[in-house]
1. Can you work out ³J(HN,Hα) from phi for every residue in the range 12-28, in order, using Karplus 6.51 cos²θ - 1.76 cosθ + 1.60 and θ = phi - 60°, giving whole Hz and x for Gly and Pro?
2. Expected output is a single nm value to one decimal: the length gained when fully extending between residue 4 and residue 24, i.e. 0.36 nm times separation in residues minus the C-alpha distance. What is it?
3. Leaving ligands, DNA and RNA out of it, report the carbon-plus-sulfur percent of the accessible area of the chain at a 1.4 Å probe.
4. Taking the simple approach of a point 7 Å from Cα along Cα-to-Cβ for both residue 58 and residue 83, what is their distance in nm?
5. Less than 18 Å apart at the alpha-carbon level, and either on another chain or at least 8 residues along: which aspartates and glutamates does that give for residue 31?
6. Ignoring ligands and nucleic acids, what accessible area does residue 12 show with a 1.4 Å probe (Å², nearest 10)?
7. Solvent-accessible area per residue for the chain at a 1.4 Å probe radius, Å²?
8. Where does the chain land at 222 nm, in deg cm²/dmol rounded to the nearest 500, when only DSSP H runs of n ≥ 4 count, each adding -39500 (n - 2.57), divided by all residues?
Amino acid sequence: MALTFPNTSRSYDETARRVRFLGHDGMFEVKFFVEIGALSKIVSRAPSEADCLAAFDAARSSVQDIARKAYSRDRRDSYVLTEAHFK
């Protein structure tokens, strides 16, 4: 099956400074984390939780495309997407 994102929920992890969202490959759940630095073109240097979630929402389509690409290379149960993934 292909990786899908049927659930639009996401959350912010202030300690790790990243946004968490989920993908699904059939019955398997895949966790994704996007570091705030990867969204740096959209958020300020000291973003709030609301800023980070809004930046994620604005870039959701491209973030999901990058998540699919990472997942297609090696299928794991979790990924941390960094600035390097977005170049």
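1. Whole-Hz 3J(HN,Hα) from phi for the range 12-28: 10, 9, 5, 4, 8, 6, 8, 9, 10, 8, 10, x, 9, 10, x, 8, 8.
2. Here the segment from residue 4 to residue 24 would lengthen by 6.7 nm.
3. Details: 2650 of 5390 Å².
Ligands and nucleic acids excluded, carbon and sulfur reach 49 percent.
4. In this crude label model, residue 58 to residue 83 measures out at 1.8 nm.
5. Residue 31 reaches 13, 14, 57, 65, 74, 77, 83.
6. Only protein atoms counted, so the area is about 40 Å².
7. 62
8. -8500 deg cm²/dmol
The values are calculated or read from the model by the stated rules, or taken from the named source; none is laboratory data. Computed from a prediction, not measured in an experiment: that's the story for all the values here. Every residue, glycine as well, gets a Cβ built from its backbone with ideal geometry; the counts of neighbours run over all protein chains shown. Just so you know, the surface numbers come from the protein's heavy atoms only, side chains and all, with ligands and any DNA or RNA stripped out. Shrake-Rupley method; radii C 1.70, N 1.55, O 1.52, S 1.80 Å.
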